Amino acid sequence: MSTAKISKNDFALFGAPPAFAEPLPIGQLYFPSWERYEQAFKGIFERQYYTEYGPLNQQLENNLQQFLGVRHAICVTNATVALMMLANALELKGKVILPSFTFIASAQSLSWAGLEPVFCDVDPDTHQLDLKQVAALIDKDVSAIMGVHLWGGACQPRALEELAKAHGVQLYFDAAHAFGCAVDGVRIGNFGRAEVFSFHQDNILNATEGGCICTNDDELAAKLRVMRSSAGAGSKPAEVTKTVNGRMSEAQCAIALMSLEDFPANRQNNERLHRLYAERLAAIPGLHPVEPSGVSFSNYQYLVCRVDERAFGLSRDMLLELLKAENVNARRYFYPGVHRSIPYVQQLPQYQGRLPNTDALSASCIQLPIGALVSAQSVEVVCNILRRAHRSALEIRARFVK
Ligand SMILES: Cc1ncc(COP(=O)(O)O)c(C=O)c1O
């Protein structure tokens, strides 16, 4: 570890002006041009139709079905509601296995459906579900596995399909991060009984808020369409026990349609930035960016990096403070592991200390800015801060300890 001296001009945390005058955003944050936005919204005003399976909603579902090569894409309010609806539509009972290294919404959808999450550990390199451990957790009370595809990669959906079939349990996916990704040329959206995307602004397909459930099962799709809207718009009759307001408005669908059109360009920008980060970070000891794993095509929508404190010289949390002062919106992601979040620490204490890879990753991973509003030049500036932070790690550390 180098001991380069630092002066007050070196880091914003110690008095220098921040590297960025405005916060460098994290997340995909796609904005169409104002002219396109205006044109799309003019149409909504002319038709005087805001919501309830309108023409833009129908067009979006058709375009998504074509793009993903899936029979049904059912647009909904957000991925959390989509997962809640699915748990009910799949008639799940008892327990569902899922990773703890995910966003809390994956597990909360189960809690809302009266199901018990069974937390599984992940692979320390890919961060995806550890399939050996999934197999070991299946027992008579488990009715399903919820795979979660992370970081523009995939959690071995084909192997999970075989595992689920062999054990007679259902399989579905939280694919919030995986829009546009493919496994051996097959787009995510086609695996298991169903897959759920999020169209939250952080994701590459953006509706401001929104999501969609994809399935090749006609019966399941009919149920989900009835559940989505208590008034049943856009649906054939199907028997369901619960309905919800899970609709996406025309305004959200308008943005999503533009975002889908611009997917190739936004994805290409992500890939370019991802490669630049990978190249620059390879030269900094202790920083290990995660490559999307298990996919033949990635959306590269996340840049997640593991900080090895010993080799880098600073902890992940020290680095976060340093970056925050420079106006770089990095964040701990995911943190904490869901099994350590407030509801589950109390309800399911048996998982504490049992998921070592999840604990290690949630203590060491940092998400760095990538997406439509981030330029290659900004990535160079961020990597330069990281390089200098490593070089001066001993002195920076000493100031943190004071
Ligand atoms: C893995 C995962 N699942 C589900 C969600 C929830 O998505 P939404 O905000 O659309 O409900 C998120 C949001 O960040 C997520 O990261």
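The values are calculated or read from the model by the stated rules, or taken from the named source; none is laboratory data. What you see is a predicted model, and the numbers here were worked out from it, not measured in a lab. FYI the Cβ positions are ideal-geometry reconstructions off the backbone, even for glycines, and counts take in every protein chain you see. Remember, those area values only see protein heavy atoms, side chains included, never the ligands or the DNA or RNA. Shrake-Rupley method; radii C 1.70, N 1.55, O 1.52, S 1.80 Å.
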Within the range 250-268, residues open to solvent by less than 30 Å² (accessible area, probe 1.4 Å) and not charged (D, E, K, R) come out as Cys253, Ala254, Ile255, Ala256, Leu257, Met258, Ser259, Leu260, Phe263, Asn266
Of all the residues that make up the range 209-228, how many are in contact (Cβ under 8 Å) with a residue 60 or more places away in the chain and part of a helix (DSSP H, G or I)? 8
Gly153 being within 16 Å of the ligand (Cβ to nearest atom), within 18 Å of the chain's Cα centre (by Cα) and assigned to a loop (DSSP other than H, G, I, E, B): yes
Considering only residues that are away from the ligand (no atom under 14 Å from the Cβ), open to solvent by 10 Å² or more (accessible area, probe 1.4 Å) and under 21 Å from Leu56 (Cβ atoms), which ones fall in the range 201-225? Arg225
Exactly one condition in (1) of a type in the set (A, V, I, L, M, F, W, C); (2) out of contact with any His (no Cβ under 6 Å at 6 or more places or on another chain); (3) at pLDDT 95 or above; (4) assigned to a loop (DSSP other than H, G, I, E, B) is false for Val244; which is it? (3)
Just give me the residues in the range 79-123 being touching a Ser or Thr at 6+ places or on another chain (Cβ under 8 Å) and at positive phi, in sequence order. Gly94
When both residues are 6+ apart or on different chains and their Cβ atoms are under 6 Å apart, which pairs have a first residue that lies in the range 333-351 and is farther than 19 Å from Val304 by Cβ, and a second that is part of a loop (DSSP other than H, G, I, E, B) and within 16 Å of the ligand (Cβ to nearest atom)? His339/Ser100
Identify, please: which residue in the range 82-104 is part of a loop (DSSP other than H, G, I, E, B) and within 18 Å of Gln350 (Cα to Cα) and is, among those, nearest to the ligand (Cβ to nearest atom)? Phe101
Is there any pair with a first residue in the range 175-200 that is assigned by TED's automatic domain parsing to the domain that holds Ala154 and of a type in the set (Val, Ile, Thr) and a second that is away from the ligand (no atom under 16 Å from the Cβ) and open to solvent by 20 Å² or more (accessible area, probe 1.4 Å) whose Cβ atoms are under 8 Å apart and which are 6 or more apart or on different chains, and what are they? Val183/Arg158; Val183/Ser296; Val186/Gly69
Is it the case that the range 132-154 has a residue that's free of Cβ contacts under 8 Å to residues at least 60 places away in the same chain and aromatic (Phe, Trp, Tyr)? no
Scan of the range 292-307 for residues that are open to solvent by 20 Å² or more (accessible area, probe 1.4 Å) and in contact with a helix residue (DSSP H, G or I) (Cβ under 7 Å, 6 or more places away or on another chain), ordered by number: Tyr300, Arg306
